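The structure appears below as structure tokens.
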């Protein structure tokens, strides 16, 4: 359960990072220019995923520990992502795809 | 713009003035989250954790031993090894003891209940206390200094958020290839990402020491008379619902009965300790503590009357009736993180190290920027040289000193009088040498080479720790890995990881140094 929250949080962070022009340029070198609305939806998706991750943590661990875990987990994920974007920027979209795959697998197992 | 300028000035000087102290507090405070693990490593006489322990079988052995060594005690604790805590330990309190607190302790071998003689060590507790009591100076002064540092830190956090113009835009940004920006980017990342942690730890730290710095508040109501204040302090922090002894002796039921009762009422609970208060009294109380499964408390306690075995309702859990006290306790629990399981403990630890990194990168950025400007203008200043030297001595010197502290634990003779004190002296001697080193070497070599030298030295010291452990004790890495004792193995492995990191940084810096030297030589040749 909390594993899914970590994955969702990481995926949300990827969305938020890729919504920024600088990171998109480095992560996807020959990207097509995104429309304003597409950037907004990417950002929205990122925030939503983070919220869902926090909600899962809170249901699993209670309000007190859930909040501590959400903030701490987001910190770790964001730090990792910042380093990834600096050292291996092109891996970012693939990582996002991998994460979607994992989430689907977890979801399938849970059902 | 003027406002932002003022904030930048405040941020810079708040950080610079107490930067070294803040760095010390972040590093040793982070180590403090693993104080039990560190102490365990520093006492290799304690047997390896080979299997899951049967705490139920240990209890009668503990009771037997306590009857031998503590016939007059009025309070006893039996602590079982569980989770991160590897000790099977007895505590007892003698009311008529000559020792300062009246508390005594003994470590038992969890396999057979025999007492274990452990070496005297200052342990992880020393590193933890170093972050707010400091050393060699009176406690009151230390509280003031660390409170002051926390206050400056709070100022630095708030001004930092104000002057960071693109806090959301640059959220994930680390432009590593650009020399100057890379330091600022890293400083921002280390400041912004763990911002909730930084705010929490700084603010709660201030609150924890409020009886030093915010003394005027209670003093305004109760006067400055120390005795009165002492009474207020005791009244606020006295244990809630404490039952005092009746004075009539009575025999209690065996502890195992209470242990089983607690186990029956919650079979999944991990029982961490059994305590008896008012031992051998009519009003004796048995408390069974089990690891808390949720919330910010480390333990959940169940209390029984020891004489008839009935459940004691009112002291069952500890709820302060006063909102401000409750707030204080939440702050304390968040700061100390005793409730954290191993994953969260690592997150706490990493957040703390990120705080140290934030202070360090900020100081380096300041020095680099100044150096750049000075080189352009062709001037040199003593102040800048001082900060540059101190940066090396503090940022790399402190980790080296901590490594020396661990090495001293293995190298000092186990019969040395006040051995724990000597371990601490070793830490400060090495740190002093590391602080002097940049200023002595600066005459002959460049600042970059000094950084490389210190990083290499730190890497060697950390690499020596697991080796020295293997040479002087039987609890070395191969052994601890074989038996799956992850507290011990984790310590050694982490030391190896730190050594590798320092070595890597030294390599990167030395390559960069060689490059810049050859560039300068080329430029000189071209000029000729």
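The values are calculated or read from the model by the stated rules, or taken from the named source; none is laboratory data. Computed from a prediction, not measured in an experiment: that's the story for all the values here. Cβ atoms come from the backbone with ideal geometry, glycine included; neighbour counts cover every protein chain shown.
Here is how the numbers come out for the structure above:
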{"item": "Residue B:90 being touching a residue at least 12 places away in the same chain (Cβ under 8 Å) and either part of a helix (DSSP H, G or I) or within 14 Å of chain A (Cβ to nearest Cβ) (or both)", "result": "no"}
{"item": "Filter result for residue A:41 (away from chain B (no Cβ under 14 Å) and surrounded by 13 or more Cβ atoms within 10 Å (Cβ to Cβ))", "result": "yes"}
{"item": "Matching residues, segment B:328-352, being surrounded by fewer than 17 Cβ atoms within 10 Å (Cβ to Cβ) and in contact with a helix residue (DSSP H, G or I) (Cβ under 8 Å, 6 or more places away or on another chain)", "result": "B:332"}
{"item": "Qualifying positions in segment B:209-232 - part of a loop (DSSP other than H, G, I, E, B), surrounded by 13 or more Cβ atoms within 10 Å (Cβ to Cβ) and without any contact (Cβ under 8 Å) to a residue 60 or more places away in the chain", "result": "B:214"}
{"item": "Close pairs (7 angstrom Cβ cut-off, 6 or more residues apart or separate chains): more than 15 Å from residue B:193 (Cβ to Cβ) in segment B:357-375, not in a helix (DSSP H, G or I) anywhere", "result": "B:374/B:380; B:374/B:381"}
{"item": "Among (1) touching a helix residue (DSSP H, G or I) at 6+ places or on another chain (Cβ under 8 Å); (2) away from chain B (no Cβ under 13 Å); (3) at pLDDT below 95; (4) part of a helix (DSSP H, G or I) - the single one residue A:48 does not satisfy", "result": "(3)"}
{"item": "Top-ranked residue of segment B:158-183 - restricted to ones that are crowded, with 19+ Cβ neighbours inside 10 Å and part of a helix (DSSP H, G or I), ranked as nearest to the other protein chains (Cβ to nearest Cβ)", "result": "B:183"}
{"item": "Residues located in segment A:84-105, provided they are in a helix (DSSP H, G or I), more than 7 Å from chain B (Cβ to nearest Cβ) and in contact with a helix residue (DSSP H, G or I) (Cβ under 9 Å, 6 or more places away or on another chain)", "result": "A:84, A:91, A:92, A:93, A:95, A:96, A:99, A:100, A:102, A:103"}
{"item": "Any hit, segment B:190-205, residues being outside any helix (DSSP H, G or I), out of contact with any strand residue (DSSP E or B) (no Cβ under 6 Å at 6 or more places or on another chain) and farther than 30 Å from residue B:409 by Cβ", "result": "yes"}
{"item": "Failed item in (1) modelled with pLDDT of 85 or more; (2) over 17 Å from residue B:486 (Cβ atoms), with residue B:35 passing the rest", "result": "(2)"}
{"item": "Filter result (within 12 Å of chain A (Cβ to nearest Cβ), crowded, with 16+ Cβ neighbours inside 10 Å and either closer than 9 Å to residue B:272 by Cβ or touching a helix residue (DSSP H, G or I) at 6+ places or on another chain (Cβ under 8 Å) (or both)) within segment B:286-301", "result": "B:296, B:297"}
{"item": "Among the candidates B:367, B:363, residue that is more than 14 Å from chain A (Cβ to nearest Cβ), surrounded by 19 or more Cβ atoms within 10 Å (Cβ to Cβ), under 26 Å from residue B:15 (Cα atoms) and within 27 Å of the chain's Cα centre (by Cα)", "result": "B:363"}
{"item": "Single residue of A:108, A:72, A:62 found to be away from chain B (no Cβ under 14 Å) and more than 13 Å from residue B:172 (Cα to Cα)", "result": "A:108"}
{"item": "Total residues in segment B:93-127, condition within 23 Å of residue B:416 (Cα to Cα) and touching a residue at least 60 places away in the same chain (Cβ under 8 Å)", "result": "13"}
{"item": "Enumeration of residues in segment B:102-113 that are under 14 Å from residue B:87 (Cβ atoms) and out of contact with any helix residue (DSSP H, G or I) (no Cβ under 9 Å at 6 or more places or on another chain)", "result": "B:105, B:107, B:109, B:111"}
{"item": "Residue that is nearest to the chain's Cα centre (by Cα) [pool: residues in segment A:7-30 that are facing chain B (nearest Cβ under 10 Å) and farther than 15 Å from residue B:174 by Cβ]", "result": "A:14"}
{"item": "Answer from B:114, B:96 - the residue that is touching a strand residue (DSSP E or B) at 6+ places or on another chain (Cβ under 9 Å), farther than 28 Å from residue B:424 by Cα and loosely packed, with under 14 Cβ neighbours inside 10 Å", "result": "B:114"}
{"item": "Filter result for the condition that a residue is at pLDDT below 95 and either over 15 Å from residue B:504 (Cα atoms) or surrounded by fewer than 18 Cβ atoms within 10 Å (Cβ to Cβ) (or both), over B:433, B:440, B:460, B:429", "result": "B:440"}
{"item": "Restricting segment B:99-111 to residues that are assigned to a loop (DSSP other than H, G, I, E, B) and touching a strand residue (DSSP E or B) at 6+ places or on another chain (Cβ under 6 Å), the residue that is nearest to residue B:277 (Cα to Cα)", "result": "B:102"}
{"item": "Options B:193, B:206; residue that is away from chain A (no Cβ under 14 Å), buried (at least 16 other Cβ atoms within 10 Å of the Cβ) and within 29 Å of the chain's Cα centre (by Cα)", "result": "B:206"}
{"item": "Test: residue A:70 is in contact with a helix residue (DSSP H, G or I) (Cβ under 8 Å, 6 or more places away or on another chain), part of a helix (DSSP H, G or I) and within 30 Å of residue B:349 (Cβ to Cβ)", "result": "yes"}
{"item": "Members of segment B:63-83 found to be assigned to a loop (DSSP other than H, G, I, E, B) and within 24 Å of residue B:292 (Cβ to Cβ), listed by number", "result": "B:80, B:81, B:83"}
{"item": "Residue within segment B:165-174 that is out of contact with any helix residue (DSSP H, G or I) (no Cβ under 7 Å at 6 or more places or on another chain) and under 27 Å from residue B:24 (Cβ atoms) present", "result": "no"}
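Condition check ((1) assigned to a helix (DSSP H, G or I); (2) touching a helix residue (DSSP H, G or I) at 6+ places or on another chain (Cβ under 6 Å)) across all residues:
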residue: B:6; (1), (2): yes, no
residue: B:13; (1), (2): yes, no
residue: B:23; (1), (2): yes, yes
residue: B:28; (1), (2): yes, yes
residue: B:31; (1), (2): yes, yes
residue: B:48; (1), (2): no, no
residue: B:53; (1), (2): no, no
residue: B:57; (1), (2): yes, no
residue: B:61; (1), (2): yes, no
